[in-house]
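Each value in this text was obtained by applying a stated rule to the coordinates, not by laboratory testing. Small disclaimer: the values here were computed from a predicted structure and weren't measured. Counting neighbours? That spans all protein chains shown, and the Cβs are built from the backbone with ideal geometry, glycine included.
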Amino acid sequence: MAYDKPLPRPTPLSQPFWDGAREHKLLLQRCQSCGAYRFTPQALCRECYAEEYEWAETSGRGKVYSYTIVYRPQTLTFMDDVPYVLAVIELAEGPHMLSNVVGCAPSDVHIDMPVVVQFEDATDEITLYKFRPAE
Amino acid sequence: MAKRRDVAIVGVYATKQERFSQRSALSLTMEAIHGALDDAGLTMKDVDGYLGFTFPAGSGMGVTDGNVAYQLNNPFGLVDRYSGAMALLQAAAAIREGLVETVIIAAAGSRATADGRTVAWTRPEYEFTEWTGSMTPAQFALQMRRHMHEHGTTVEQMAYGCATVRNNGHKNPDAIMFQRGPYTVEDVLSARMVADPLTLLMCSIVNDGGNCMVVTSGERARACKRPPVWVLSGAMESRYTAYFEAPSLEMLKGREKMMKAFGRAGVRHEDVDIVMIYDHFASGLIMSFEGLGFCEIGEGGPFIVENIGLDDKHPVCPDGGNLSFSHPGNPYNFKAIEIVRQFRGDVNDLCPQSAEGVHTYDRSICRKVRDPKLAACCGPMTGRHSFAILAKD
């Protein structure tokens, strides 16, 4: 069945991130001046304002900063997913990332739980990044 | 408390708040503007500043200061798009500087028909949030969950706050949720779960409605129909865009800046008789008290249980707040409007002579706060934090 939930619409700034996801790589902008990572994508480094950056591959690992079990679907296309886990993941590289935790019962999710990225190919163009419990 | 009585709210108006008004936001906005100007005894020709509702631009250039002035056929010395506490502070600063003398602050919301989707403003079409199934209740559930983890805040404390505010709205004939109560803590906890730990009764309602207030100089305020409500001071701080960046407790880092506003106003926290919290969710009730410095960070849960009832030290949202009175998407002005009404004694409730301003203080029917003189009018703690300190004449 065709993917019918909302899909991200990349911008010129974020396109490399989504290109990386399609190759099952979790990329973050890293400042070429001071080395700071940032997410969400921004034109300038948030630490030193340098314009130059690279898209650096991350470990894909992190831990749960916070989570919620969602019972009321955002829109009807999420009806089959409830209850689903929305979580803020604190990546090993530092930045926080909103995503879903999958691959375990929602009631097993807890703060500080180690997680690792799991990619889901939604369409030919878009691969989503979710997180599952790390081994 | 004698200082800074040089800018005042002199007119307020709220349209009828309804689930489905069948009216446009533009229509609601204009009713509110005319109503607030009438309340002040002023006309549009007295106005030289405009904040709030973003008029659709005829020029195709988006909403610009020039377009708003052209549409209203009135030259303005200040145009921006915020309402509520943030707009009050902006207007007050511009009036004190002499850029303008009289500012209207107007807002309204009218939603599309219900079709199983959460309202649009809760789920922006952003590439790093929408696909996750994120929506506002889930965003604030994430914030609340982290607060529980770091500080031991309990769901019972959250439910107490929501029941208290909703029970005020229960007694407010103008509230969307009028006579939908009273609620116990247990009622709030056993309501349908929306996004754990937030139950349905810990989340704002959604409806249509408009609101407006008029702010002017101290000199002109004295000539208006009703007693002025003074804008003493306040503070605002922007850190990130809500619903775009991942929720965190970062907003609480603005606490020192918020606390300094009390010094500028020449008042103390303990003197605040009404706190109009931005009660979008249970999280707002708890964290705003921490963020404003009424208590230490992490102590908001126990604090509200002791302090926010109508006869307690700091009554919260006697109108019923966003939880029960109204949330048309931009309820920011209501926080100041309720303060003005409480100061004036224009409080509609179930007391037999409430229309004549006579209140019983029987809490089964009365939502009037006893003799309030000082109040805090809060904006949301959603990446852009603001509040204003208002005083009775």
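Here is how the numbers come out for the structure above:
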read-out	value
The range B:279-295 and the range B:62-94: distance between their alpha carbon centers, rounded to Å	29 Å
Estimated inter-spin distance, A:Glu23 and B:Gln179, nm [label 7 Å along Cα→Cβ]	6.6 nm
Kirkwood-Stokes translational diffusion coefficient of chain B, alpha-carbon pairs, 10 °C, 1.306 mPa s, µm²/s	76 µm²/s
The range B:131-185 versus the range B:1-40: alpha-carbon centroid distance in Å	26 Å
Likely footprinting exposure, A:Trp18, B:Trp131, fewest C-beta neighbours within 10 Å first	A:Trp18, B:Trp131
Pairs from B:Lys16/B:Lys368; B:Lys16/B:Lys392; B:Lys16/B:Lys373; B:Lys260/B:Lys392; B:Lys257/B:Lys368 whose Cα-Cα separation, in the structure shown, is over 24 Å	B:Lys16/B:Lys392; B:Lys16/B:Lys373; B:Lys257/B:Lys368
Long-range HN-HN contacts of B:Ser233 with modeled amide H, under 5 Å	B:Ile389
Value of [θ]222 nm, deg cm²/dmol, for chain A, DSSP H segments ≥ 4, -39500 (n - 2.57) each, nearest 500	-1500 deg cm²/dmol
Linear extension gain, B:Arg5 paired with B:Tyr361, 0.36 nm per residue minus alpha-carbon span	125.2 nm
Model label zone, A:Asp80; criterion: amide N under 15 Å from point 7 Å along Cα-to-beta-carbon; scope the range A:1-37	A:1-6
Ellipticity estimate at 222 nm from DSSP helix runs (n ≥ 4, -39,500 (n - 2.57)) divided over chain B, nearest 500	-9500 deg cm²/dmol
Alpha-carbon centroids, the range B:326-343 and the range A:28-70: separation in whole Å	39 Å
Three-way shape label, the range A:52-128, alpha-carbon gyration tensor, a/c 1.5	oblate
Surface/4 of the Cα convex hull for the protein assembly as shown, nm²	24.7 nm²
Mean separation of Cα contacts under 8 Å, 6 or more apart, over the residue count of the range A:15-133: relative contact order %	24 percent
Largest-first principal axis extents of the Cα set of chain A (Å)	45, 33, 24
B:Gly52 long-range amide H proximity, modeled H, under 5 Å	B:Asp80, B:Arg81, B:Tyr82, B:Ala106
Where labels lie 7 Å past Cα in the beta-carbon direction, separation of B:Arg222 and A:Tyr49 in nm	4.6 nm
Virtual paramagnetic centre 7 Å along Cα→Cβ of A:Leu7, amide N under 13 Å, in the range A:94-135	A:121-128
Residues in the range B:19-45 reached by a label modelled at B:Asn73 [backbone nitrogen below 20 Å; 7 Å Cα→Cβ]	B:26-38, B:42-45
³J(HN,Hα), Karplus 6.51/-1.76/1.60, whole Hz, each residue of the range B:359-376, x for Gly, Pro	10, 8, 6, 7, 6, 7, 10, 10, 10, 7, 7, 6, 6, x, 10, 9, 8, 10
